[in-house]
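First the structure, in the form of structure tokens, and then the observations on it.
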Protein chains: 2
Amino acid sequence: MKFRVEVFDIDSGDISVVLNPYDCEKIGLHPGDFAYIVSTGGRRICSLIIVTKNVPEGAVWVNKRILQEMKLESVPEFLEVIPAGPSAALPIIKSKLSGKKLSKGEIRTIIKEVIERRIRDAEISMFCSALMVNGMDLPEIRDLSMAMAEFGEIIEWPYGPIYDVHSIGGVPGNKTALITVPIVASFGIKIPKTSSRAITSAAGTADVMETLAPVSLSPDEIVEIVTKVNGVLAWGGALNIAPADDIMIETERVLSVDPEPLLLASIMSKKISMGINKLLIDIPTGTEAKIEGLDEAESLATKFIELGKLLEIHTRVAITYGGQPIGRTIGPALEAQEALEALANGDGPGSLVHKATALAGIILEEAGIASPGQGKTLAIEAFKSGKAYEKMKEIIEAQGGDPNIKPEDLPVGEYKELFRATSSGYVTHISNKAIVSIARAAGAPKDKGAGIRLHVKAGDNVKQGDPLFEIYAESEERLSEAIIVARRNWPIRVEGMLLKVLG
Amino acid sequence: MKFRVEVFDIDSGDISVVLNPYDCEKIGLHPGDFAYIVSTGGRRICSLIIVTKNVPEGAVWVNKRILQEMKLESVPEFLEVIPAGPSAALPIIKSKLSGKKLSKGEIRTIIKEVIERRIRDAEISMFCSALMVNGMDLPEIRDLSMAMAEFGEIIEWPYGPIYDVHSIGGVPGNKTALITVPIVASFGIKIPKTSSRAITSAAGTADVMETLAPVSLSPDEIVEIVTKVNGVLAWGGALNIAPADDIMIETERVLSVDPEPLLLASIMSKKISMGINKLLIDIPTGTEAKIEGLDEAESLATKFIELGKLLEIHTRVAITYGGQPIGRTIGPALEAQEALEALANGDGPGSLVHKATALAGIILEEAGIASPGQGKTLAIEAFKSGKAYEKMKEIIEAQGGDPNIKPEDLPVGEYKELFRATSSGYVTHISNKAIVSIARAAGAPKDKGAGIRLHVKAGDNVKQGDPLFEIYAESEERLSEAIIVARRNWPIRVEGMLLKVLG
């Protein structure tokens, strides 16, 4: 049935339209049902039905989000509403839960219904659970990566090779790309880095970069910026590349999970879409990182490399230390501050600088700019000399940000709480998980200014009363919430050399 | 933060409140976030946050549903909105997905957060997946049943013993209870039958009964009705007994799943809540029933009996034939018509009458009213003599329905499509699954008048052009949808005696 469109400012955090109860009855719809919303031009999306008598009969209330998701340039006069039949993807998801290997066609059906929003949280959660329990083999992951890429934009470059560096995440404070990318780009290497927002972490690279410059760029803008300044730090979600991934990530975020086949396909699908030829994957490894042991890291690395071969993307993998946060800040604005400060000073926290230059070095060697074994030295030179900082300013400007922004200009949460050491000793452990849950309770990543500043790192010697860490929040409520979480999950262990006396 | 309450008619099909964007910013909330809504009296529920500028600052729009869920008698002047911290249930659900046995406390945490709506579709779906993959042992299921019961109302009876009959479902057209309960009650046995609405089927007993009389009864009303007329056919969901079950069923419905531990706990928790002492479980078994083989049925039966022992509910199990629909109708109003007609005439489709009287007979024997082996004969007498029909009229009247309602008074879908045999032969198979998906596509169980009438049953001899089945729908769109599903999943197989010629 066709409905007259009225734009109404309402946001349920979901794809939804609002109808009058009488109209709903006519076409057999109930609140909470799903229906396809179809434009005259044939664009369609599956929407949740909200019902109120306030909508006139014959009309449908839509918000800007749904028009955007349907990629309609202007508000259409009419939209058709068609009750959605049974999902074709659901039986396939169940077959995966019971251990079946999926065919290319089955995988495409799932991805298609994810994009159309025909399947939502409940089904995507079951898909995640199925992948957590039964996994996928490499051909399945290849098909998943390709289906995710093919249902979105694919960027074609007028030149090559195109490089990329990508961390699988899982270690807090990992603002490394904000240093690696400008170093690499400062040598003329083309590196269009896209990243997602935080899934289970306190800040994704896109969240961090967004505090410095817009990250929602179009494919054309990306090509233009890279042609001009060699590097970019963009949010993948704005590009409509592998859009299914961004939708599924929302459910993964709710569940705080990241099943391995989705982790692999999420990254590799975006690399296909971005036209990447040479890829460096960073696998942070250590206690309470996403990957805890070296064996596991090596097994995952092998999968990336094999998957790269199947997808014709030359892939190298760096396993890095992820047993405590990188640098001293966690949260979007705080991390951007730290990265910018390091670039401007040619100096910064050891873990951050060491990691960023090591990764850049591998790419410089791969590109033949540095001789084998000399990449890191060359990268450090570019970092210390200010060459990388100049490149970062160019990138910020090209993306539409202010190149002269100072670290102290970035607004961080006004509501703060400093925690001090209750005894003297050595910092023997900083818990990634506790740090992330405190930062998230404080509002990160949605509240850009929320997060944590670490005053110590593992190995530091502290005296009773020394500052250990500080929580930043944008509201008093969030601060209180974070304090509760901090007390329940104390993140920093301080111990004397004498641990216990027996007998 | 406290907000002034404004009641606004909006239904997103979910527990949600609407706030102004500036207020949201103040307390660190975003569209799609969750927050606890707390009344001055301390009643609380976790709600989805919807955002629109149309709400004045300082105000919160709530709908009647949320006030009802919070069990507030009148509209409060103020409600507090508190951002929800991390879920405590989620890590427990993940541990179940990875194969862990859950403790009583862990199970209670899950059930508590289900009831508070702190966890929703995504988490409940993961819980269902975890149970489908890893199951639960009997002590876990006992703890689950008890947690589900204890977080809701528990009915106490001034007399006993209290009987009940309960089908695990899975066979379409199973309106049996509408005949079994009045037979049993007509002998003075107390049988307060509660049932849920359809999960994955086209009609639950509550959906069917609701077309004859109100099924949303309070605990007091149930006790009053049973004291007066011995039997009742009520919807469990209205009673606030084991409320977690009704919430989880919504997700199970979306996913069309019914994991065994939840199936067991769903039924047994409600029996605890209802104060049942003697229970008869019906396990329909056959091709495309919930349970397909006799071995599986017996294994499930043993679990019910053992669980009954742990819960001190004396439990017997009847395994019944479920390889094709019971009777000739599927869908709430159509099934009520058939049951009422059978009671009024003392006659009806063989499968329906045979099953209903067999179940009633077992209870009559258990209660010592019939000698062993004589129960069914006594039940048939009550059915044929009109004694059961008189009792059913009393029950309908006691529940607030019209006792003189005639089967033909029940409104069924006006939009119909009759399908005929394309060849002559025998009906060798009627597919439960196809029948259910067609009836659901036609709008059942939400559209009460939607469903299917079977003109044939397995074994019948048909000629080309004879009517096979008819779809009923309440709207043209739903009818078209159901016709498409019927063509794709043809439900009735007609074959000649000669199946194939070789050589």
Nearest-5 percent of antiparallel DSSP beta bridges in the protein assembly as shown? 55 percent
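According to the Cα gyration tensor, what semi-axes, each the square root of 5 times an eigenvalue, does the equivalent ellipsoid of chain B have, listed from largest to smallest in whole Å?
On the way: eigenvalues 316, 152, 112 Å².
Square roots of five times the eigenvalues give 40, 28, 24 Å.
Using the count of nearby Cβ atoms within 10 Å as a rough guide to exposure, how do B:Leu79, B:Leu334 rank from fewest to most? Don't jump to the answer; show the numbers that get you there.
Numbers: B:Leu79 24, B:Leu334 31.
Result, fewest neighbours first: B:Leu79, B:Leu334.
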Excluding residues on the same chain fewer than 8 positions from B:Lys94, give the lysines whose Cα lies under 26 Å from its Cα. A:Lys94, A:Lys96, A:Lys100, A:Lys101, A:Lys290, A:Lys303, A:Lys433, A:Lys446, B:Lys104, B:Lys112, B:Lys303
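Taking a temperature of 20 °C and a viscosity of 1.002 mPa s, what whole-number D in µm²/s does Stokes-Einstein yield for the protein assembly as shown with Rh from Kirkwood over alpha carbon pairs?
Details: Rh = 31.1 Å.
Here the translational diffusion coefficient equals 69 µm²/s.
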Inter-copy distances for A:Pro91, nm, shortest first, label points 7 Å along Cα→Cβ, are 4.0
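Relative contact order of chain A: what whole-number percent is it, with Cα pairs under 8 angstrom and at least 6 residues apart? Walk me through the numbers before you get to the answer.
Values: 1088 pairs, mean separation 68.2, N = 503.
Answer for chain A is 14 percent.
Counting DSSP beta bridges with both partners in chain A, what percentage is antiparallel, nearest 5? Mind showing how you got there, number by number?
Numbers: 32 of 59 bridges.
Once the DSSP bridges in chain A are tallied, antiparallel ones form about 55 percent.
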Can you list the distances in nanometres, one decimal and ascending, from the B:Asp9 label point to the identical position in each other copy, with the point 7 Å along Cα to Cβ? 2.4
Using packing as a proxy for protection, rank B:198-211, B:271-284, A:25-38 so that the peptide with the highest average count of other Cβ atoms within 10 Å comes first. B:198-211, B:271-284, A:25-38
Starting from the Cα of B:Lys416, draw a straight line to each of the aspartates and glutamates and keep only those under 15 Å, dropping any in the same chain fewer than 8 residues away. B:Asp447, B:Glu470, B:Glu474, B:Glu476, B:Glu477, B:Glu481
Selection from A:Thr205, B:Ile50, B:Val165 lying farthest towards where the dipole of the protein assembly as shown points positive, charges on Cβ: B:Val165
A:Lys387 paired with B:Glu156, simple spin-label distance in nm, labels 7 Å along Cα-to-beta-carbon: 8.4 nm
Cut-off 18 Å, label point 7 angstrom out along Cα-to-Cβ of B:Asp137: give me the residues of the range B:81-110 whose amide nitrogen falls inside. B:95-108
State log₁₀ I(q)/I(0) for the range A:2-83 at q = 0.19, 0.20, 0.25 Å⁻¹ as given by the Debye formula over alpha-carbon point scatterers of equal weight, solvent excluded. -0.71, -0.80, -1.33
Computed over chain A: longest principal axis from alpha-carbon atoms vs helix A:104-115 long axis, angle to nearest 10 degrees, is 90 degrees
Computed for the range A:12-145: size of charge dipole around the Cα centre, +1 on C-beta of each Lys and Arg, -1 on C-beta of each Asp and Glu, debye to nearest 20, value 420 debye
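Can you list the chymotrypsin sites (Phe, Trp or Tyr not before Pro) in the range A:74-173 that are in a DSSP coil and have 16 or fewer other beta carbons within 10 angstrom?
On the way: sites: A:Phe78, A:Phe127, A:Phe151, A:Tyr159, A:Tyr163; in loops: A:Phe151, A:Tyr159.
Within the range A:74-173, the qualifying chymotrypsin sites (Phe, Trp or Tyr not before Pro) (loop, at most 16 other Cβ atoms within 10 Å) are A:Tyr159.
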On a 0 to 90° scale, report how tilted helix A:375-384 is relative to the longest principal axis of chain A, with both axes built from alpha carbons and the result rounded to the nearest 10. 90 degrees
Expressed as a whole number of Å, what is the distance separating the alpha-carbon centroids of the range A:445-459 and the range B:183-211? 57 Å
Between the range A:123-182 and the range B:30-78, how many Å separate their Cα centres? 39 Å
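Percent antiparallel among DSSP beta bridges with both residues in the range A:2-83, to the nearest 5?
Working: 14 of 22 bridges.
Roughly 65 percent of the DSSP beta bridges within the range A:2-83 come out antiparallel.
Using the alpha carbons of the range A:206-304, what is the convex hull volume per residue in cubic angstrom, as a whole number?
Values: hull volume 12.5 nm³, N = 99.
Hull volume over Cα atoms, normalised by residue count, gives 127 Å³.
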If I take R0 = 51 Å and measure r between the Cβ atoms of A:Thr227 and B:Ile484 in this structure, what FRET efficiency does the formula 1/(1 + (r/R0)^6) give, to the nearest 0.05? 0.55
Before anything else, pin down the relative contact order of the range A:147-253: Cα pairs under 8 Å, at least 6 apart, normalised by residue count, whole percent. 34 percent
Return the lysines within reach of A:Lys228: Cα separation strictly under 17 angstrom, same-chain partners fewer than 8 residues apart disregarded; answer none if there are no such residues. A:Lys190, A:Lys193, A:Lys387, A:Lys391, A:Lys393
Tilt of helix B:432-441 relative to the longest C-alpha principal axis of chain B, in degrees (0 to 90, nearest 10)? 50 degrees
Where the label is 7 Å out from Cα toward Cβ, how close does B:Ile305 come to the same position in every other copy, in nm, shortest first? 5.9
Which shape class applies to the range B:163-402: rounded if a/c is under 1.5, otherwise prolate when a/b exceeds b/c and oblate if not, where a ≥ b ≥ c are the square roots of the Cα gyration tensor eigenvalues? rounded
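Does the range B:411-495 come out rounded, prolate or oblate by the C-alpha gyration tensor, with a ≥ b ≥ c the root eigenvalues, rounded set by a/c under 1.5 and, if not, prolate when a/b is larger than b/c and oblate if not? Before the final figure, lay out the partial values.
Values: a/c = 2.14, a/b = 1.93, b/c = 1.11.
Prolate is the answer for the range B:411-495, as a/c is 1.5 or above and a/b outweighs b/c.
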Compactness ratio of the range A:379-453: Cα Rg over 2.2 N^0.38 Å, N = residue count? 1.54
Gap in Å between the Cα centre of the range B:268-283 and the Cα centre of the range A:286-353? 56 Å
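FYI, it's all coordinate maths here, none of it is from the lab. Just so you know, these numbers come straight off a predicted model, no measurement behind them. With ideal geometry, Cβ positions are generated from the backbone for all residues, glycine too; neighbour counts draw on all protein chains shown.
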